[in-house]
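J.: Attaching a single structure in structure tokens format; questions to follow.
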Amino acid sequence: MAPRPLRPAREFEAAVERGDLQLAIAIARDIARELQRPIPLARALELLALGASQQAESYDAWALRWLARWATETPNATIDEALDIAAGLAALPVEPEAIETIRRVGH
């Protein structure tokens, strides 16, 4: 039986689903290095949500970087959207379902 081909995006998703933060971070770094740019915001949000539950001491810094990146990369971003996303990010560590609000507003 031959080894299956490496599919970093699928491996990242699997690591997130398993709750393996360290592996997900390592794969995200590999993807970013290969693409020569940061991972897509949607994937970074998945990583952020996982980090919220496992590394609370780092969460605020990660969330602020994600928000700044969202504001920079989102065409026609508004302050009202940023406020809604910031509220969702603040709630995420205690309300995991807040990720849906962030996704909806952040499209």
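J.: So the check is Cβ under 6 Å with 6+ separation or different chains; which pairs have a first residue in region 96-107 that's surrounded by 14 or more Cβ atoms within 10 Å (Cβ to Cβ) and a second one that's not in a helix (DSSP H, G or I) and not polar (S, T, N, Q)?
T.: Every condition considered, the pairs that remain are Ala98/Leu92.
J.: Could you tell me whether Ile25 is under 29 Å from Arg7 (Cβ atoms), outside any helix (DSSP H, G or I) and of a type in the set (A, V, I, L, M)?
T.: When the stated conditions are applied, Ile25 does not pass them.
J.: Only one residue in Arg69, Arg43, Arg65 is out of contact with any helix residue (DSSP H, G or I) (no Cβ under 8 Å at 6 or more places or on another chain) and either surrounded by 18 or more Cβ atoms within 10 Å (Cβ to Cβ) or of a type outside the set (Asp, Glu) (or both), so which one is that?
T.: Arg65
J.: Now for a separate question. How about region 59-91: which of its residues are closer than 17 Å to Ala42 by Cα, under 17 Å from the mean Cα position of the chain (by Cα) and among the hydrophobic types (A, V, I, L, M, F, W, C)?
T.: Trp62, Ala63, Leu64, Trp66, Leu67, Ala68, Trp70, Ala71, Ala82, Ile85, Ala86, Leu89
J.: Since Arg10 meets every condition but one in (1) loosely packed, with under 11 Cβ neighbours inside 10 Å; (2) free of Cβ contacts under 8 Å to residues at least 12 places away in the same chain; (3) not aliphatic (A, V, I, L, M), which condition does it not meet?
T.: (1)
J.: Let me ask something else. From Ala71, Ala52, grab the single residue that is among the aliphatic types (A, V, I, L, M), touching a residue at least 24 places away in the same chain (Cβ under 8 Å) and either in a helix (DSSP H, G or I) or under 16 Å from Leu21 (Cβ atoms) (or both).
T.: Of the residues listed, the single one that is among the aliphatic types (A, V, I, L, M), touching a residue at least 24 places away in the same chain (Cβ under 8 Å) and either in a helix (DSSP H, G or I) or under 16 Å from Leu21 (Cβ atoms) (or both) is Ala52.
J.: Kindly check whether there is at least one residue in region 78-91 that is without any contact (Cβ under 8 Å) to a residue 24 or more places away in the chain, at negative phi, among the β-branched types (Val, Ile, Thr) and in a loop (DSSP other than H, G, I, E, B).
T.: Yes, region 78-91 has at least one match.
J.: Kindly list the number of the only condition in (1) of a type outside the set (Asp, Glu); (2) within 13 Å of the chain's Cα centre (by Cα); (3) at pLDDT 95 or above that fails for Ala42.
T.: Result: Ala42 fails condition (3) only.
J.: Residue check, Ala26 against (1) in contact (Cβ under 8 Å) with a residue 12 or more places away in the chain; (2) surrounded by 12 or more Cβ atoms within 10 Å (Cβ to Cβ), all met but one. Which one?
T.: Here Ala26 clears every test but (1).
The values are calculated or read from the model by the stated rules, or taken from the named source; none is laboratory data. On a predicted model such as this, the values are computed, not experimentally measured, just so you know. In this analysis, Cβ positions are derived from the backbone assuming ideal geometry, glycine residues included, and neighbour counts consider all displayed protein chains.
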